Amino acid sequence: MASSPQTTVNPSHTRQYRPQTAWVKSVGYLIFFSRWLQAPLYLGLIIAQLVYVVVFVIELVHLIEKVMEDPLHIEESVIMLSVLGLIDVVMIANLLIMVIIGGYETFVSKIDIEGHPDQPEWLSHVNANVLKVKLAMAIIGISSIHLLKTFIEVNDLGAPNAKSETGDEDRYTAEGVFWQVMIHVVFILSAIALALIDRMSQKHGVSRGISDSPSSQSSLSAAPSPVPDGAVAVSGYIIDGKFVEQR
C-alpha cells in the first residue's frame, strides 16, 4: 500500500500569554484611558495659539504705523527686524500646530480626517520619532530667526563707539552673541542626531520585520535541498518504512 508523501510544517513561533485576571485588566484599561488626561493640555495649546494670533496682529499694526509715520524715510533694518518678528511668531504657531495635531494623534487618539483635502501630508506617517525630528527642525528655524535678528541688530559689535540698529548699546555683547551661536549649533547637532537615530531604527525595524515574517520563514523552510551531481530521479513506494523502487 502506497503512502502519501509527508510534508513537514514548521510551527509558528507565536508568543503565548496567560489569561489576565479581571483586576489586572481593569488596571490596564485605567492606565490606557489615562491618555485622555492629555487632551486638556492640547486644548490649552490651542488657546496659546490664539494668543499668538493676537500678538501677530499687534506686531503687524506696529509695522504699518512705522511705515505710515514717514514713508519716504523708511529704514530697511527696522522694517526687516519687524518682519523677522512676524516670521518668528508664525514659526512658533507652526510649532504649536505640529505639537497639537501630532501629539494628539500619537499619544491620545486618531483623528478621523481620512480623505480630507486639507489633511497634512506628514500626518499619515506620524509617530513619536518623526514628531521629535519635526519639532527639532522647527526649533532650529526659530533659533535661526532669532540669530538673524541678533546679527542685524548688533551691526558692527566690537568696534569703537559701536551701537546696535536699535540704539541700545548694552543689549548685546560679544560673549552673548557667541553663546547664542553655540546654542544654535547645539540645536543643529541635536536635530541631526535625532534624524540619524530615526533612520537607524527604521532600517532595523524593516530588516527585523523581513526576517521574522511568516512568509520569509515559509520560503526558507520550503526551499528545496540541493541535489548532488550525478543523482538520478526514481519513482517507487514506501512499504513498512522501506522504499521499493518501481521498475
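The numbers here are math on the coordinates, done by the rules we state, and not lab data. Because the structure is predicted, anything quoted here is derived from the model rather than measured. In this analysis, Cβ positions are derived from the backbone assuming ideal geometry, glycine residues included, and neighbour counts consider all displayed protein chains.
A few notes on this one:
- Principal axis box of region 61-120, alpha-carbon based, largest edge first, Å: 54, 22, 15
- For region 86-91, the Karplus equation 6.51 cos²θ - 1.76 cosθ + 1.60, evaluated at θ = phi - 60°, returns couplings of 5, 4, 4, 5, 5, 5 Hz by residue, with Gly and Pro reported as x.
- Centroid-to-centroid, using Cα positions, region 60-74 and region 104-130 are 41 Å apart.
- You can think of it this way: the chain between residue 62 and residue 90 has 8.5 nm of extra reach, that is 0.36 nm per residue less the Cα-Cα gap.
- Extents of region 35-79, largest first, come to 57, 16, 5 Å (Cα atoms, principal axes, whole angstrom).
- Counting charges near residue 88 (Lys, Arg +1; Asp, Glu -1) among other residues having Cβ under 15 Å from its Cβ returns a value of -1.
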